[in-house]
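Remarks on the structure that follows.
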Amino acid sequence: MEQQNMTAEEQKRRKENGLYSVIFRRRLQTPSGFWQERYPKSFFSATPDERRLHFEQTWSQGGFSFLINNYFDFGTSDEANAEVYVFWRQKVHARAEILAPKVAPHPLGAERPSLEQTYYEVYNQPNVTLTDLSKYPIEEITPKGVKTGDGVQYWVQYHGNYHAYRCQRERWTVAEAEVGRGSNLLFD
């Protein structure tokens, strides 16, 4: 579902030729709020070759196209959803095996999807460790991170909501937080 970068020239062209205003109006006319609509064909009324071509086309469009412009019944038919998941898994598995398990943990599209550009590649970087918490659950939160069921201690750096929570919990002012009273560590 590769999100695609758009050049400044492309953005300017879309503004000048009125495409953005058309897209914005169109999204108000669809049930999903996106400019695309569900593909008007039932999953199982298409041949396997038709499905594959449709999947490849919507995947190559990037963004939410693969989910939004897919067969109208893929979100309501467990069998169709499982088949769509197989295609998604083929695209993602080679890039981040653990994040694309053989059996879907939930129906595809039921949780917020990644509009990834290099999302899965990040997990293959040498400074990143990905652990399967279904095999080795978190047993302990430590001062510097977490300890999992296999006894491994992971240092965790977390940016964002925890820091905001800490500021609120400890009643810091924005100025105090900005001068470094807080930390990016999970706990101090």
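Some notes on this structure:
- Among the GluC sites (Glu not before Pro) within the range 35-128, those in coil by DSSP and having at most 15 neighbouring Cβ atoms inside 10 Å are Glu37, Glu111.
- Each part gets one Cα centre, and for the range 118-160 versus the range 1-54 those centres are 36 Å apart.
- Cα-Cα over 31 Å, subset of Lys41/Lys91; Lys12/Lys41; Lys91/Lys135; Lys12/Lys102: Lys12/Lys41; Lys12/Lys102
- Among Trp88, Trp59, Trp155, the ranking by other beta carbons within 10 Å of each residue's beta carbon, starting with the fewest, stands as Trp155, Trp59, Trp88.
- The range 8-122 shape via C-alpha gyration tensor axes, a/c threshold 1.5: oblate
No value in this document is a laboratory result; all are computed from the given coordinates. Only a predicted model underlies this, so the values are computations on that prediction, with no experimental measurement involved. Neighbour counts are summed over all protein chains in view; Cβ atoms, including those assigned to glycine, are modelled from backbone coordinates with ideal geometry.
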